[in-house]
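K.L.:
My questions will all concern the structure given below.
The values are calculated or read from the model by the stated rules, or taken from the named source; none is laboratory data. Source: prediction; values computed, not measured. So basically every Cβ, Gly included, is an ideal-geometry build from the backbone, and we count neighbours across all protein chains shown.
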Amino acid sequence: MLTRRIIPCLDTRDGRVVKGINFQGLRDAGSPAELAARYEAQGADEIVILDVVATDRGRAHALETVREVRQVLSIPLTVGGGVRAVADAERLLDAGADKVAVNSAACDRPALLTELADRFGVQCIVLAIDAARAAEGWRVFRRSGSEATGRDAVAWAIEGTASGAGEILLTSIDRDGTRSGYDLDLLRAVSDAVTVPVIASGGARTADDFVAAVGAGADAVLAASMFHDGDTTVTAVKQRLAEAGVEVRP
């Protein structure tokens, strides 16, 4: 049986963790290094850091934040935001990231995924897909959900993995921060279409939502608000998954 991963997410802006609803109304949620250390102590399998303003400001990810988190962290670290070229990814990896996540730049130029995979290996490249429901299916958005791309989410997942992404971070814009549960239809559609691991993101409220996400095909489940606000812990989520018969790491 495959072991499922629990991944707290740190959305960062100017060196602080922030959280909003539907990618809007960002509020301060704490120190990236402090939160990362806390979640590792609770049993987190990985940490994801996404600089939510790097792309909009036309700059690279804040490397100092990555270095500070890496100093307190021994588990895998994925970092995204502002990755436009191989050199951007190299700087993040040098700062302590184990994997890099790419979103807007890959939408603009899918060949970037191939370039990154050729340089660092597919296991290092995560395609971040922010998707919202449309009249038919789901559409992909870029720049922190502010710009529609016209791409179909399932088709983009297939193209992105064929281009070199070794994992997909799939976020439902509709569910982000709402605590209304993951978009299981979206998750199922993408998971069924690709052979790489899919990380479910957007909408978790309780540990049962994690169980449902795994049932819909998630290889890993990511959450932010419910952990940042202290509603539950990684430890408690893993206990619930184990009770439901889901294999998790100790």
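K.L.:
Just to be sure I understand, how many residues within region 234-250 are assigned to a helix (DSSP H, G or I) and farther than 16 Å from GLU46 by Cβ?
P.N.:
Here the count works out to 5.
K.L.:
Criterion first (assigned to a loop (DSSP other than H, G, I, E, B) and either in contact (Cβ under 8 Å) with a residue 60 or more places away in the chain or not β-branched (Val, Ile, Thr) (or both)) does GLU136 satisfy it?
P.N.:
Against the criterion (assigned to a loop (DSSP other than H, G, I, E, B) and either in contact (Cβ under 8 Å) with a residue 60 or more places away in the chain or not β-branched (Val, Ile, Thr) (or both)), GLU136 qualifies.
K.L.:
Sort out for me the strands (runs of 3 or more DSSP E) sitting completely within region 1-47 that have 2 or more residues that are farther than 17 Å from THR233 by Cα and at pLDDT 80 or above.
P.N.:
Filter on region 1-47 gives 5-13, 16-21.
K.L.:
Among the listed residues ARG133, ARG175, ARG179, identify the single one that is closer than 29 Å to ASP208 by Cα, in contact with a Gly (Cβ under 6 Å, 6 or more places away or on another chain) and not aromatic (Phe, Trp, Tyr).
P.N.:
Exactly one residue qualifies, and that residue is ARG175.
K.L.:
Go through (1) closer than 20 Å to PRO8 by Cα; (2) surrounded by fewer than 19 Cβ atoms within 10 Å (Cβ to Cβ) and name the single condition ARG188 misses.
P.N.:
The single condition ARG188 does not satisfy is (1).
K.L.:
Continuing with the same structure: What strands (runs of 3 or more DSSP E) completely inside region 144-233 contain at least 1 residues that are within 15 Å of the chain's Cα centre (by Cα) and of a type in the set (Asp, Glu)?
P.N.:
Because the criterion is at least 1 residues that are within 15 Å of the chain's Cα centre (by Cα) and of a type in the set (Asp, Glu), the strands (runs of 3 or more DSSP E) in region 144-233 that meet it are 167-172.
K.L.:
Could you check ARG249 against (1) of a type in the set (D, E, K, R); (2) at pLDDT 95 or above; (3) within 21 Å of PRO8 (Cα to Cα) and say which number it fails?
P.N.:
Result: ARG249 passes all but (2).
K.L.:
Of all residues in region 172-209, which are modelled with pLDDT of 95 or more and of a type in the set (Val, Ile, Thr)?
P.N.:
Hits for region 172-209 are VAL190, VAL194, THR195, VAL196, VAL198, ILE199.
K.L.:
Mind telling me which of the residues THR206, THR195 ends up being touching a residue at least 24 places away in the same chain (Cβ under 8 Å), more than 26 Å from VAL122 (Cα to Cα), surrounded by fewer than 20 Cβ atoms within 10 Å (Cβ to Cβ) and of a type in the set (S, T, N, Q)?
P.N.:
Of THR206, THR195, the one residue that is touching a residue at least 24 places away in the same chain (Cβ under 8 Å), more than 26 Å from VAL122 (Cα to Cα), surrounded by fewer than 20 Cβ atoms within 10 Å (Cβ to Cβ) and of a type in the set (S, T, N, Q) is THR206.
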